[in-house]
Amino acid sequence: MARIAGVNLPNNKRLVIGLTYISGIGKTRAEHILDTLKLDHNIRVKDVSEIDVGKIRDFIEKNYKVEGDLKREVLMNIKRLKEIASYRGIRHDKNLPLRGQRTKTNSRTRRGNKRSTAGSGKTKLTKT
């Protein structure tokens, strides 16, 4: 089992797909890494030699921010936006969409499902 950037890659997946299990590496970046290192895209993770795993690990550490470092940087960027009270920072604070989407009918996921049915306004009278 190959372990890169603190993530165990699944053995039965192709290498190009296995690399996408690392946070911060998508399919395009995984293909670029394998092209640069001249490795086969279709080889299974379990068939990759330890030398090749070491090459991939070193290349990723030198050239990309992944996993914890990437997540920390994103959180620091959001915190900075909140501190300077930018529009995007305020939208982050209020848990609303921040890229111009409409909020009257959509954005249920971001706002939380606050759906309530509109009643007639009358309350039932109970006999006592």
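FYI, it's all coordinate maths here, none of it is from the lab. In this text, all values refer to a predicted model and were calculated from it rather than measured experimentally. All Cβ positions, even for glycine, are placed from backbone atoms using ideal geometry, and neighbour counts span all protein chains on display.
Some points to look at:
- Number of residues in the range 74-99 that are closer than 29 Å to THR28 by Cα, surrounded by 13 or more Cβ atoms within 10 Å (Cβ to Cβ), without any contact (Cβ under 8 Å) to a residue 12 or more places away in the chain and not aliphatic (A, V, I, L, M) equals 1.
- Test: residue in the range 40-58 that is assigned to a loop (DSSP other than H, G, I, E, B), touching a Ser or Thr at 6+ places or on another chain (Cβ under 8 Å) and among the small types (Gly, Ala, Ser): no
Yes or no, residue by residue, for (1) of a type outside the set (S, T, N, Q); (2) in contact with a Leu (Cβ under 9 Å, 6 or more places away or on another chain); (3) surrounded by 15 or more Cβ atoms within 10 Å (Cβ to Cβ); (4) at negative phi:
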residue: ILE33; (1), (2), (3), (4): yes, yes, yes, yes
residue: THR36; (1), (2), (3), (4): no, no, no, yes
residue: ASP52; (1), (2), (3), (4): yes, yes, yes, yes
residue: ARG72; (1), (2), (3), (4): yes, no, no, yes
residue: GLN101; (1), (2), (3), (4): no, no, no, yes
residue: SER116; (1), (2), (3), (4): no, no, no, yes
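- Among the candidates GLY26, GLY68, residue that is surrounded by fewer than 13 Cβ atoms within 10 Å (Cβ to Cβ) and without any contact (Cβ under 8 Å) to a residue 40 or more places away in the chain: GLY26
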